[in-house]
1. Given the residues Val288, Val275, Val295, Val309, which is the only one that is over 26 Å from the mean Cα position of the chain (by Cα), more than 19 Å from Pro419 (Cβ to Cβ) and β-branched (Val, Ile, Thr)?
2. Under 8 Å between Cβ atoms, at least 6 apart or on separate chains: pull out the pairs that start in segment 191-214 with a residue that is closer than 26 Å to Arg446 by Cα and in the same structural domain as Phe132 (by TED's automatic domain parsing) and end on any residue that is near ligand 1 (Cβ under 8 Å from one of its atoms) and of a type in the set (S, T, N, Q).
3. Only residues in segment 76-98 that are in contact (Cβ under 8 Å) with a residue 60 or more places away in the chain and on the phi > 0 side of the Ramachandran plot count as the first member; pair them with residues that are surrounded by 21 or more Cβ atoms within 10 Å (Cβ to Cβ) and part of a helix (DSSP H, G or I), Cβ under 8 angstrom, at least 6 apart or cross-chain, and list the lot.
4. Search segment 236-271 for residues being more than 16 Å from ligand 2 (Cβ to nearest atom) and charged (D, E, K, R), and hand back the single one that is nearest to Val375 (Cα to Cα).
5. I want to confirm something. Restricting to segment 132-147 and keeping residues that are among the aliphatic types (A, V, I, L, M) and either out of contact with any Leu (no Cβ under 7 Å at 6 or more places or on another chain) or without any contact (Cβ under 8 Å) to a residue 12 or more places away in the chain (or both), which single residue is farthest from ligand 1 (Cβ to nearest atom)?
6. Taking segment 409-456 on its own, how many of its residues are in a loop (DSSP other than H, G, I, E, B) and under 30 Å from Ala252 (Cα atoms)?
7. Pick out the one residue from Lys147, Lys119, Lys161 that is closer than 16 Å to Ile445 by Cβ and either among the charged types (D, E, K, R) or assigned by TED's automatic domain parsing to the domain that holds Gly264 (or both).
8. Can you tell me which residue is farthest from ligand 1 (Cβ to nearest atom) among those in segment 210-266 that are of a type in the set (Asp, Glu) and under 18 Å from Lys432 (Cβ atoms)?
Amino acid sequence: MSQTYTLVNPYNNEQIGEYEYTSWTQIEEKLALLKTGQKVQRKTAAYERANVLAKLAGLLKENAEKMARLITIETGKTISDSRVEMIRAVNATIASSEEARQISGESLDSDAYAPAGGKIGVVCWRPLGTIFCITPFNFPINIAMHKIGPAYAAGNAILFKPGPQNTATSQLLVELCYEAGMPESVLQFCMPPLADLDKLNAHPDVNAINFTGGTAAANAIAAAAGYKKLLLELGGNDPLIIMDDADLEAAATSAINHRFATAGQRCTAAKRLFVHASVYDQFRDILVAKSAALVIGDPMDDNTFVGPVIHMGAAKEIRQRIEGAIEDGATVALGNQYDGAFVHPTILENVRANSEVMIEETFGPVMPLFKFEDVEEIIPVINNTAYGLQAGIFSNNLSVIRYLFEELDVGTLATNEGPGFRTEHFPFGGVKESGVGREGIKYAIREMSYTKTLVI
Ligand SMILES: NC(=O)c1ccc[n+]([C@@H]2O[C@H](COP(=O)([O-])OP(=O)(O)OC[C@H]3O[C@@H](n4cnc5c(N)ncnc54)[C@H](O)[C@@H]3O)[C@@H](O)[C@H]2O)c1
Ligand SMILES: O=CCS(=O)(=O)O
């Protein structure tokens, strides 16, 4: 008897589908097929993979509106955010196509050190085998293409497991990959029940795991996977720093785009704002006025800026985090209002440095403001979190920027931008519990490959 799962639209709770989980027998069959796919990939030239990816980029562009609407129905993400995601996914796929042509190694002379003279080392990159690609709910197509694109470009076979909430969009993506020319022996979709995931992570025919998601799942994967290559893109608690010389209008707009868009459900969202005392009141007033004008409602409406979060449970967790901050002494400048899966954009002031909202990741539209006098004092506050993904700063003071670049535990510091700044070909990833390894197409190709050296 096959197990099934049903999905509802987070905005109106209408059932959007009932699906069957992938059985363990089917998983074994898929992994066996993918092993044959590794041989198919070895016979496929780089230019052929590049052409398939270029064709897939075209198909994603043709189907962008249809996929954007599916993303919105499945996740409650606003249609404008879903359309941006599709643009990014096309770019990630184009970049994967272009990088597929550039996977080249190097040659080394052996006489650099005695006594091994007279040889040349030809260093080549080779695919790891079958990559288990696992994606989160919030960017189901773009994050999938940041895995499938480089994994395929590098010559791997791919077992793709999206979040259950993203079943329809992900199945459509796989169909488009087949239409573009990816063989079924090279790419397989799966949705195993949670109970089968440990043994799938440990499976000997899974050569590497490329995971994006939260810490709890990452810990379970790491515990089960053993000696496998893991590429882990995890949570963030990203700061946005507003200095005394900041363009306050631009900073407030960026803070809103990087915290309240996607209902705050981004790993790189601006989850904590640090505002210089000299501009605090002026910045706060601009921020509150702009935020109060945001349209909250039907995510399918072009005018909506804030839709629901992914489900009622998430909304409850976010509310508990806000109420905890208030119990710690924070005051509410805007929001702290709830309606089903909706969490209204919330701005908190007088937040204690050790309040949970400052230390843990809050995956929703909550913006704690932290006033400071000297930039040195916020380094320990910003670094006092398990995460270290990205950071943003509004300032033109290069010495302050260079100082923060060296002192902050992050993978990227964006200047006069929010921490959510990301372009598909830049290296992406963090330190500490924000993950292991780097995405960004060229970097992800390397993570899903190994060097093989011929000495002649
Ligand atoms: N760093 C990034 O690029 C990035 C991007 C988006 C989201 N995230 C993080 O993801 C989290 C939110 O996304 P989510 O709720 O979908 O995360 P999640 O960890 O609940 O799920 C992510 C994926 O992992 C799967 N999964 C869960 N347990 C697993 C296991 N034991 N083995 C294999 N797969 C397993 C889920 O089914 C889903 O497909 C947040 O922490 C957010 O910061 C990080
Ligand atoms: O959730 C984070 C994904 S991205 O938008 O920063 O790429």
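1. Within the list Val288, Val275, Val295, Val309, the selection yields Val288.
2. Ile209/Asn201; Thr212/Thr135; Gly213/Thr135
3. Gly76/Ala263
4. Here the residue is Asp244.
5. Met145
6. 21
7. It is Lys147.
8. Asp238
The values are calculated or read from the model by the stated rules, or taken from the named source; none is laboratory data. In this text the structure is predicted, and so the values were computed from the model without any measurement. Counting neighbours? That spans all protein chains shown, and the Cβs are built from the backbone with ideal geometry, glycine included.
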